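To start, the structure under review is shown below, and the notes come after it.
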Amino acid sequence: MNRRLRLAEARLYLVLEGRPPAGVLEAALRGGVDVVQLRDKELADDELVRAAEPFRQACDASGALFVLNDRPELVAACRADGVHVGQSDASVEDARAHVGEELLVGLSIETQEQLDAVADYLGVGAVFATPTKTESVAAGLELVRAAAARVTIPWFAIGGIDLDNIAEVAAAGAPGVAVVRAIRDADDPEAAARRLRAALGEPSST
């Protein structure tokens, strides 16, 4: 299945730093994560390329997509399926110029005014306040409802989403969610991923 078809079916997106806790990545993928993003602003280029290797291997083994955050020039070296850029990062056009037409380019959306942006997928939020991106202003469920009404490409609600509020996010119209702490910091990351999938109405296969 090609990348865009896999993206269209994706529901659960996990963002991890370059050195996640041992076993979290593999457990999350067993639990049904469809897309994994490697986001690490601190690593030098060569360190990031090395850090990407276990991500690529794990995603290959599970059939998940592997996306690099904000380093389009390193996508080929990391053997990633695409890149995700924010509003203050490289533009979608610049990212596309680096990665080509076959790979994916995702874009962070922070306001309703940005919802018409052109990319392969959107990350919409922050929905709720989150310590992983303290600079983000929580836009609330109104942004999710607006995205549900207007966005026709794949998109994921992101920002402070966990097992306590994912039902609200799904009810507001989000087809998928992106998380960090809800899986990374869970006592049982695999079970957490399965429960998140179930809350979206899309149980993972066993």
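Structure notes:
- Length added when fully stretched, R145-A171, from 0.36 nm per residue minus Cα-Cα: 8.5 nm
- The protection proxy used here, the mean number of other Cβ atoms lying within 10 Å of each residue, ranks peptides 51-63, 79-91 as follows, highest first: 79-91, 51-63.
- Cβ-derived FRET efficiency at R0 30 Å, E93 paired with V137, nearest 0.05: 0.70
- Here the accessible area is traced with a 1.4 Å probe on the protein chains. For region 25-131, carbon and sulfur cover 49 percent of it.
- Amide H contacts of Q37 (H built 1.01 Å from N, in plane; Pro and chain starts excluded): L14, V15, L16, V67 sit under 5 Å, all sequence-distant by 5 or more or on other chains.
- Rolling a 1.4 Å probe across the protein heavy atoms gives the chain an accessible surface of 46 Å² per residue.
- Separation of the Q112 and E42 label points, Cα + 7 Å toward Cβ, nm: 3.9 nm
- Expressed as a whole percent, the accessible surface of region 136-190 that belongs to carbon and sulfur atoms is 47, based on a 1.4 Å probe.
- 5 angstrom amide H check on S108, placed H, neighbours 5+ away: V85, G86, Q87, G123
- Placed amide H near N165: partners under 5 Å, 5+ positions off or other chain: none
- Karplus-derived 3J(HN,Hα), 6.51/-1.76/1.60, for each residue of region 145-158, Hz, glycine and proline x: 5, 5, 5, 4, 7, 10, 7, 10, 9, x, 8, 10, 6, 9
- At R0 = 35 Å, FRET efficiency that the Cβ-Cβ distance of R50 and A8 yields, to 0.05: 0.65
The values are calculated or read from the model by the stated rules, or taken from the named source; none is laboratory data. In this text the structure is predicted, and so the values were computed from the model without any measurement. Heads up, the Cβs are rebuilt from the backbone with ideal geometry, glycines too, and the neighbour counts pull from every protein chain shown. In case anyone asks, the SASA skips ligands and DNA or RNA and just uses the protein heavy atoms, side chains included. Shrake-Rupley method; radii C 1.70, N 1.55, O 1.52, S 1.80 Å.
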